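> Please see the structure below; I have some questions.
Computed from the coordinates by the stated procedures, all read-outs in this text should not be read as laboratory data. Here the structure is a predicted model, which means the values were calculated and not measured. Note that we place each Cβ from the backbone using ideal geometry, even for glycine, and neighbour counts take in every protein chain shown.
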Amino acid sequence: MSGSVVDNTVSSGNSSAAIPTDVSGQILDLDEDDDLEVFSKDTTLTDGSSFNASMQTSPASMINQYKFEEDADTKDIFVTVDNPESHVTAIETYITYRVMTKTTRSEFDSSEFEVRRRYQDFLWLKGRLEEAHPTLIVHPLPEKFVVKGMVERFNEDFIETRRRALHRFLNKIAEHPIFSSSEDFKIFLTAASGELTSHKKQGPGFLSRMGDTVKAVAAAVRGVRNRPQEFTEMQEYVEAFSQKIISLDKVTQRIVREQKEYLEELKECGPTYALWSQSEEELAEPLKNVAGCVDRCCKETEEQVKNLSDHLIPVLHEYVLCADTLKAVLRRRDNIQADFEAKTEALATKKANRDTESKVLSLAWASLVGRSPEEVKQQKLKGEIKEMRDDLDKAEDRLEWANNALKSDWTRWQKVMRTDLRSAFVDTAERNVSYYEKCLAVWESFLHSQRTDAEGNGKVDFS
Amino acid sequence: KQDASPPPRVPCKPMPTKNNLLDSRQTKEKRSFCMVEKGTSLLKKMEISVAEAEKRTGKNAVNMQETYTVYLIETRPVDAASEGTNPVPDSLWRRYSEFELLRNYLLVTYPFLVVPPLPEKRAEFVWHKLSADNMDPDFVERRRVGLENFLLRVASHPDLSSDKIFYSFLTEENGWKETVFETGFQAKADSRLKALNATFRVKNPDKRFAEMKHYGDELQSVISQLLRVRARAADRLYGVYKVHGNYGRVFSEWSAIEKEMGDGLQSAGHHMDAYAASVDDILEEEEHYADQLKEYLFYADALRAVCRKHELTQYELEMAAQDLTSKKQQREELATGTIRTFSLKGVTSKLFGQETPEQREAKLKMLETQIEEGEELVKERNAECEEFVKSAWVDIERFKEQKDHDLREALISYAIMQISMCKKGIQVWNNAKECFSKM
């Protein structure tokens with residue numbers, strides 16, 4: 001792990017100070033890593049349209065994709081997901097993806113790794129991270145296959161969209177100061193398939209997980225009493241954000257639908273002009289020309305629609321899922337606080353009981369027996385109280401840790417969200433500009449051809 | 001009549017109205033789109049425009065209240081405008097039905113000319129946002145432009161421009177209708193049945209006219225199809241742009257809960273609103289293009305009318321010739337006493353015996369007269385036919401050139417519109433991009 005990592009550990013009471021506030025000027029210092037190629041800004045990662053390994057999504061090319069706004073440290077781990085392949089067994093058919101890692105971190109045995117993983121493996125990793133860090137924000141995974149709009153599980157577009165999302169997921173993990181040093185993450189990136197399977201089985205048992213769930217449900221039912229204001233504000237924000245991002249997702253999908261319908265109609269225009277040109281003599285050439293222009297604009301529109309579907313929609317969708325993640329994280333934090341409050345109450349009750357009971361029976365028993373049973377009881381109570389106090393301390397620690405973790409990860413998440421959504425919208429705007437520029441060129445070439453024609457014949461004055 | 005090479009065409013300048021500014025393609029004020037030949041004597045004298053439209057209510061032929069639109073026709077002597085003084089133009093109001101009457105008169109009176117069409121009576125090929133209501137102000141406005149265009153086309157036609165009825169249409173408000181009816185043009189109109197009959201039975205129409213008619217059919221069919229497709233595409237494009245308005249709303253709401261992102265989002269939202277709003281102008285301009293296509297859709301009809309008239313005159317010639325031939329044959333039979341063809345006369349004569357020499361003499365004499373008359377008729381009709389073919393073909397050639405020129409211009413203006421739309425798109429999205437990068 002590189003040097004000045006963001007300090008999110010529990011012991012620091014003021015963890016947010018460790019994150020540099022003005023990071024706008026941070027860029028990768030290339031001198032430190034001479035084996036990294038610098039490509040010109042291109043769409044390598046977001047534009048993989050083919051199904052095979054020839055895509056340029058090598059870790060090295062990712063260097064341009066990330067603005068290092070939050071981490072002062074240089075990026076020392078690069079992960080890519082590509083090369084989906086289909087596997088057929090007797091029981092099932094599934095897709096695996098190649099996960100390649102390039103890293104200079106010392107805790108890794110070597111500097112390059114290549115493994116194959118399936119969607120289930122990603123799900124496992126996410127679960128492990130959430131379990132270990134209930135109040136940190138784990139980037140969402142693309143959803144499981146849902147029968148929606150006739151998308152087949154092995155449809156090329158679906159697989160490509162999922163691949164991109166899995167790639168983003170792993171990169172978000174790799175960029176996260178805490179997650180990226182997770183042992184589970186390391187194993188995910190490096191272990192051979194067999195190793196991974198056996199490691200997966202070692203997790204906390206099913207029953208203990210059940211036990212945690214029961215406790216969590218109990219705490220949830222009880223509810224939190226004194227939620228700090230900042231977390232209430234967070235919740236309000238998440239509610240509103242969730243609504244907005246869902247709206248944006250819907251609006252964008254609607255735009256795609258409308259554009260597809262527009263495209264359907266436009267596709268008939270070109271052929272109609274071409275048909276017309278067949279009845280004409282003088283007009284045949286300009287009509288054919290117009291037909292060609294309309295057809296070319298159709299192609300551009302088609303590409304534009306695909307771009308929206310492939311690039312903007314998945315990102316918006318991920319942030320819809322993020323909103324749900326945030327809600328879950330806040331809920332878990334609440335539960336931890338509820339648990340702490342419950343234990344505080346229980347301890348106070350116990351202490352109160354001890355105080356009231358200590359007066360009773362003392363005189364009566366003292367004379368009968370050598371050691372007063374009251375003492376025994378007192379002893380027992382003392383023991384119980386100590387246990388509860390220890391428990392409470394742990395709960396308090398857990399709560400404090402959870403709150404601090406959430407607070408700093410919240411700040412981090414907001415920065416990442418801002419970066420992601422900003423670049424998604426900037427990208428969309430650029431594609432729109434490019435679309436219009438291409439169409440503009442098409443029509444200008446038509447005008448030009450007509451101009452040279454007309455001026456040659458001395459027919460029309462264009463001024 | 002027609003010049004060997006047409007004089008250079010100049011875009012017609014509309015008369016100054018209260019909204020009118022420069023004569024340019026960019027003016028929002030809709031202006032006529034025909035290229036007018038300044039060479040006709042009428043246009044050398046006067047400027048013509050349809051300046052305004054107004055709603056009126058009144059009693060119609062069956063004494064019922066109705067609302068209709070009237071259009072103000074303004075005429076002004078050419079010299080006055082160029083001298084710099086701006087006298088009040090002469091003007092009168094006409095309603096659409098009067099334009100129709102004028103055109104019907106022209107159609108009957110000049111069947112060998114491709115008579116310019118009127119703008120459509122009812123809005124067709126509309127896409128959903130555009131109203132199909134005749135009272136809709138946009139429709140009325142487009143019709144005003146179409147009517148002006150019609151008048152300018154007629155005024156710039158070498159033959160039609162000198163018609164007296166046309167002139168009085170422009171200058172005499174009262175009594176014009178009576179004047180038209182007095183010409184008795186309605187009696188000269190060919191019945192549709194007669195025309196249809198001729199189309200089916202004509203044997204030797206001029207090949208060129210047959211081809212022209214076929215071309216007219218094709219032109220009508222393909223322009224209809226184009227207008228339909230275009231209207232549907234316009235509908236869809238409207239949807240695409242308008243949905244972007246939702247981005248504006250959501251960005252605005254979202255910016256309220258964000259701190260650093262707020263400004264960028266808010267201003268990007270404004271650009272999305274602008275983008276959504278821009279489609280209205282874009283589609284309005286496209287309607288203009290559609291109107292240009294529609295004019296030629298209706299012109300196709302006028303072209304076919306000329307071809308049908310040719311078929312009729314040719315047919316009538318053929319009928320007269322056929323009649324003459326049969327009469328000559330009858331004479332021959334009578335003279336030689338042989339009956340070559342089956343005739344009732346032949347049968348009856350066989351049955352009831354030959355007629356007397358006096359009867360035969362009388363018949364022969366009658367036949368001779370008829371044959372003489374028949375030959376005159378054939379000569380006449382032949383001359384008519386030839387004359388028709390000659391004049392009609394000249395006008396068809398003129399029309400072809402006009403059509404090629406106008407439609408090419410229309411395609412060019414369509415391209416210019418597309419370019420303008422693209423430029424607007426580029427601008428909006430560049431602005432949006434700038435705002436997004438400040439998010």
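> Under 14 Å between alpha carbons, and skipping anything fewer than 8 positions from A:Lys415 in its own chain: which aspartates and glutamates qualify?
A:Asp22, A:Glu69, A:Glu70, A:Asp71, A:Glu175, B:Glu258, B:Glu260
> What average count of beta carbons from other chains do you get within 10 Å of the Cβ of residues in A:277-289? Don't jump to the answer; show the numbers that get you there.
Working: counts 1, 2, 8, 7, 3, 7, 6, 0, 1, 7, 4, 0, 2.
The per-residue average across the peptide is 4.
> What is the average number of partner chain Cβ atoms found within 10 Å of a Cβ in B:214-222? It would help to have the intermediate numbers written out before the result.
Numbers: counts 1, 3, 1, 1, 5, 3, 0, 3, 10.
Average per residue, whole number: 3.
> Once you sort the root eigenvalues of the Cα gyration tensor of region B:118-198 as a ≥ b ≥ c, which label holds: rounded (a/c under 1.5), prolate (a/b larger than b/c) or oblate (the other case)? Please list the in-between numbers first.
Values: a/c = 2.12, a/b = 1.39, b/c = 1.53.
The shape class here is oblate.
> Counting only Cα atoms, I'd like the Rg/Rh figure for region A:300-345, Kirkwood definition for Rh.
Values: Rg = 19.8 Å, Rh = 13.3 Å.
Dividing the radius of gyration by the Kirkwood radius yields 1.49.
> Same structure again: Add +1 for every Lys or Arg and -1 for every Asp or Glu among the other residues with Cβ under 11 Å from the Cβ of A:Gln235, and state the total.
On the way: positive: A:Arg227, A:Lys327, A:Arg331, A:Arg333; negative: A:Glu230, A:Glu233, A:Glu236, A:Glu239, A:Asp334.
Local charge sum for A:Gln235: -1.
> Moving to a separate point now. Taking K and R as +1 and D and E as -1, what net charge do the other residues with C-beta under 10 Å from the C-beta of B:Glu124 add up to?
Details: positive: B:Lys121, B:Arg122, B:Arg228, B:Lys294; negative: B:Glu120.
Charge balance in the 10 Å sphere: +3.
> I've got another one for you. Measure up A:Lys299/B:Lys259; A:Lys102/A:Lys438; A:Lys299/B:Lys424; A:Lys186/A:Lys386 against 29 Å on the Cα-Cα distance and list the ones that go over. List each step's numbers first, then the result.
Details: A:Lys299/B:Lys259 40 Å; A:Lys102/A:Lys438 38 Å; A:Lys299/B:Lys424 20 Å; A:Lys186/A:Lys386 39 Å.
Pairs exceeding the cut-off: A:Lys299/B:Lys259; A:Lys102/A:Lys438; A:Lys186/A:Lys386.
> Just add up the charged neighbours of A:Phe188: K/R +1, D/E -1, any other residue whose Cβ is under 9 Å from the Cβ of A:Phe188.
Values: positive: A:Arg117, A:Arg128, A:Lys186; negative: A:Asp121, A:Asp184.
Combined, the nearby Lys, Arg, Asp and Glu give +1.
> Each residue of region A:108-120 in turn: what ³J(HN,Hα) in whole Hz from Karplus with 6.51, -1.76, 1.60 and θ = phi - 60°, glycine and Pro shown as x?
Here the 3J(HN,Hα) series is 8, 5, 9, 9, 9, 9, 9, 9, 10, 9, 10, 3, 4 Hz.
> Spin-label point model (7 Å from Cα, Cβ direction): what's the A:Tyr237 to B:Ser413 distance in nm?
Placing both labels 7 Å along Cα→Cβ, they lie 5.6 nm apart.
> A further question follows. Based on the mean of other Cβ atoms within 10 Å per residue, sort peptides A:420-432, A:437-449 so the most packed one is first. Walk me through the numbers on the way to the answer.
Working: A:420-432: 19.7, A:437-449: 17.6.
Top of the packing list down: A:420-432, A:437-449.
> Right, next: Around B:Arg95, which amide H atoms from residues at least 5 apart in sequence, or from another chain, sit under 5 Å from its own amide H, with H modelled in the peptide plane?
Amide H neighbours of B:Arg95: B:Tyr71.
> Hey, another quick one. Under the definition of partner shielding as Cβ atoms of other protein chains within 10 Å of a residue Cβ, what is the mean value for peptide B:264-272? Could the numbers behind the result be given before it?
Details: counts 3, 4, 0, 0, 3, 0, 0, 1, 1.
Per residue, the number of nearby Cβ atoms from other chains is 1 on average.
> Hey, what D do you get for region B:35-183 in µm²/s if you plug the Kirkwood alpha-carbon radius into Stokes-Einstein at 37 °C and 0.692 mPa s?
Values: Rh = 16.6 Å.
After rounding, the answer is 198 µm²/s.
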